[in-house]
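The values are calculated or read from the model by the stated rules, or taken from the named source; none is laboratory data. None of these values were measured; they are calculated from a predicted model. Quick reminder, even Gly has a Cβ in these numbers, built from the backbone with ideal geometry, and neighbours come from all protein chains shown.
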Amino acid sequence: MKNPTLGVCYYPEHWPEANWSDDAQAMVEAGIVWVRIGEFAWSRIEPQPEAFEWEWLDRAIEVLANAGLKIILGTPTATPPRWMLDRWPDMLACDEQGHPRKFGSRRHYCFSHWGYRQEAARITQLMAQRYGHLSHVSAWQVDNEYSCHDTVLSYSLAAQTGFRLWLKERYGDITTLNEAWGNIFWSMEYDRFDQIELPNQTVTEPNPSHVMDFRRYSSDQVVAFNREQTNILKQYSQSPLVHNYMGRITDFDHYEVGEDLDIASWDSYPLGFLEDRIKQPESVKQEYMRQGDPDFQAFHHDLYRAVGKGRWWVMEQQPGPVNWAPFNPAPLPGMVRLWTFEAMAHGAEMVSYFRWRQLPFAQEQMHSGLHRPDGVPTPALAEVKQVFKELNSIDIGSVVEAPVALVFDYESQWSWQVQPQGYREGEPLDYFDMVFHYYSALRKLGLNVDIISPQTTNLSAYKMVIAPGLVTLSKNLSHALQTYSGVVLCGPRSGSKTDNFHIPDDLPPCWPTLKEAGVTVSWVESLRDGVSIPVEGGGHFCHWIEQLELSTSPKHKSHIAINMRRKDGNAALISVDNVYYLAGWPDSELLQRCLLALCDAADIEYTLLPKGLRIRDTQHMQFLFNYSAQPIEYQQINIEPAGVYWHCKNNNN
């Protein structure tokens with residue numbers, strides 16, 4: 001396997017043409033191989049309807065290619081020009097109150113609007129016809145950051161029309177839908193599909209089955225929008241197709257979008273995410289304000305490796321302060337290098353920095369780049385050059401299969417959002433938070449982790465599979481688990497709903513081994529902040545606990561073991577054969593106790609790492625990353641703040 005490469009995001013339309021050649025040459029000298037362009041340039045390509053100005057883009061591509069750069073060309077459909085709104089006044093998405101989103105920024109389209117979908121397909125085809133044959137257009141990016149700025153869920157007339165058609169295709173007749181949704185409750189039964197509206201602005205909570213289907217419909221529109229473009233691009237180009245996903249974005253099923261792409265990528269902004277998207281105490285945010293959370297980037301690296309079926313990139317890597325978070329500190333010296341190598345250790349084929357030069361105007365003028373607006377390099381550029389030099393002296397090697405698989409399911413996230421049943425620090429209980437809690441705990445044990453789809457059919461490569469909060473168990477995963485001999489950990493809320501968002505007739509958990517043994521969740525409760533339930537031996541449940549009913553009937557032949565008890569005597573962790581169920585939301589101490597016990601049961605070696613240190617193994621190397629602002633000594637190795645240490649597994653050099 002070749003070592004990963006470096007890239008950068010560039011906007012030739014923002015800069016004088018006289019600068020392009022010098023910029024391209026400087027990119028190559030910095031070790032950059034890839035350059036992404038074009039994803040926001042529709043108004044310059046087609047300034048008026050059917051009036052095209054391709055020549056500037058032709059010249060930009062030629063200049064970059066002549067410098068030896070590989071080009072990632074974006075379809076510009078995330079930023080339709082102003083005249084598009086004159087042509088399609090109803091193309092705008094609407095918020096939950098029914099107010100249309102306005103022109104004046106980006107992503108101002110509704111995925112359900114057929115007129116705009118046709119326009120997006122049209123510009124994609126024209127670009128593909130013009131540039132698809134060029135060998136130096138080496139990849140295509142489809143659109144940009146689906147769901148950015150909360151743009152998947154649209155409550156427009158177009159969405160309502162599309163949702164009704166989707167429901168008719170899904171259920172066939174209205175009686176079936178009424179039964180599936182339980183519409184006899186509150187006299188919510190419908191006579192016709194055209195009576196069904198979107199689940200917003202109801203007097204009180206809408207039917208959760210209705211909301212869940214609307215979430216599925218909305219995700220399907222993203223999949224269809226993406227597929228329309230990929231189908232066109234594949235007709236004209238052999239270059240790989242990619243989309244740049246984001247951090248903690250769950251409004252659509254990324255696995256399904258990924259089925260039509262060759263490579264998954266994501267936009268990594270560790271400091272912005274720490275301030276804006278991670279639930280951490282203020283003390284933790286202050287401690288890591290210049291480094292980012294030690295696990296958040298790694299979680300997404302592993303997630304998008306799964307979405308990309310093994311192939312993934314970082315399309316946008318933060319190089320300095322951003323413009324969009326509540327607070328925007330600069331990275332600790334060395335962090336850009338650390339983030340780059342950590343992505344590569346998780347299998348990134350390419351890491352691209354956003355952006356080549358900071359823009360002096362418009363919304364992102366406070367977003368730093370590899371150069372200041374006046375062209376002077378920022379500190380990040382020196383770190384990029386250092387990475388390039390170091391890549392020539394090591395062989396990172398491919399990723400190795402991890403001993404642990406962690407299931408992440410977008411539909412479970414929607415289920416928790418539809419019916420959180422409790423709050424944590426003023427916000428609804430959240431599936432993403434729970435899964436990330438487990439992921440971070442595994443990383444603190446020095447373990448490689450693979451994130452897997454809930455549709456996975458073969459688990460034989462793993463010693464342990466963990467599926468916390470997996471609301472509905474798919475047929476594929478259920479079948480895989482029945483033939484799996486490794487250790488399984490599930491709960492809480494695992495197998496707690498049917499596909500139609502009902503409580504199962506025989507009560508949760510709908511998990512084959514547990515149900516066959518007579519394990520039942522008899523009731524659940526959510527806890528106030530500051531209230532916790534102690535567990536014997538150390539640790540607590542917080543936020544959510546479950547009461548387990550354990551059968552003693554002779555018809556249930558499997559033995560149920562109580563591995564941990566709450567101090568009130570109730571079961572906390574149980575097991576049936578190789579399947580364990582944790583009946584609550586564990587705090588960090590309890591979760592570590594559980595994972596250590598299960599690692600021992602699964603014969604998985606682990607290491608209790610010092611605070612702030614993380615490890616990642618590849619085929620040839622072991623990497624150590626110091627996320628702390630202080631030096632860390634580990635196994636007689638001194639690692640400086642923001643430091644990266646590696647050694648070759650074969651000769652320990």
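Here are the numbers:
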{"quantity": "Among residues of segment 8-34, those that are out of contact with any helix residue (DSSP H, G or I) (no Cβ under 9 Å at 6 or more places or on another chain) and of a type outside the set (A, V, I, L, M, F, W, C), counted", "calculated": "5"}
{"quantity": "1 or more residues over 26 Å from Thr79 (Cβ atoms) and over 30 Å from the mean Cα position of the chain (by Cα): qualifying helices (runs of 4 or more DSSP H) within segment 143-246", "calculated": "157-171, 174-181"}
{"quantity": "Odd one out for Lys385, checked against (1) within 23 Å of the chain's Cα centre (by Cα); (2) assigned to a helix (DSSP H, G or I)", "calculated": "(1)"}
{"quantity": "Test for Asp529: is it surrounded by fewer than 16 Cβ atoms within 10 Å (Cβ to Cβ), among the charged types (D, E, K, R) and without any contact (Cβ under 8 Å) to a residue 40 or more places away in the chain", "calculated": "no"}
{"quantity": "Residue in segment 139-158 that is acidic (Asp, Glu) and either outside the structural domain of Arg117 (by TED's automatic domain parsing) or farther than 30 Å from Asp267 by Cα (or both) present", "calculated": "no"}
{"quantity": "Selection within segment 490-516 - in contact (Cβ under 8 Å) with a residue 40 or more places away in the chain and either aromatic (Phe, Trp, Tyr) or crowded, with 22+ Cβ neighbours inside 10 Å (or both)", "calculated": "Cys490, Gly491, Pro492, Arg493, Ser494, Lys497, Phe501, Pro509, Trp511, Leu514"}
{"quantity": "Candidate set: segment 306-365, residues that are part of a strand (DSSP E or B) and free of Cβ contacts under 8 Å to residues at least 60 places away in the same chain; chosen: the one nearest to Ser453 (Cα to Cα)", "calculated": "Trp312"}
{"quantity": "Identity of the residue in segment 289-339, within 22 Å of Val400 (Cβ to Cβ) and basic (Lys, Arg), that ends up nearest to the chain's Cα centre (by Cα)", "calculated": "Arg305"}
{"quantity": "Selection status of Val535, touching a residue at least 24 places away in the same chain (Cβ under 8 Å), β-branched (Val, Ile, Thr), in the same structural domain as Tyr439 (by TED's automatic domain parsing) and farther than 25 Å from Gly446 by Cβ", "calculated": "no"}
{"quantity": "For His99: the one exception among (1) assigned by TED's automatic domain parsing to the domain that holds Tyr245; (2) more than 28 Å from Ile61 (Cβ to Cβ); (3) surrounded by 15 or more Cβ atoms within 10 Å (Cβ to Cβ)", "calculated": "(3)"}
{"quantity": "Total residues in segment 247-283, condition closer than 18 Å to Asp143 by Cβ and either outside the structural domain of Ser218 (by TED's automatic domain parsing) or not in a loop (DSSP other than H, G, I, E, B) (or both)", "calculated": "10"}
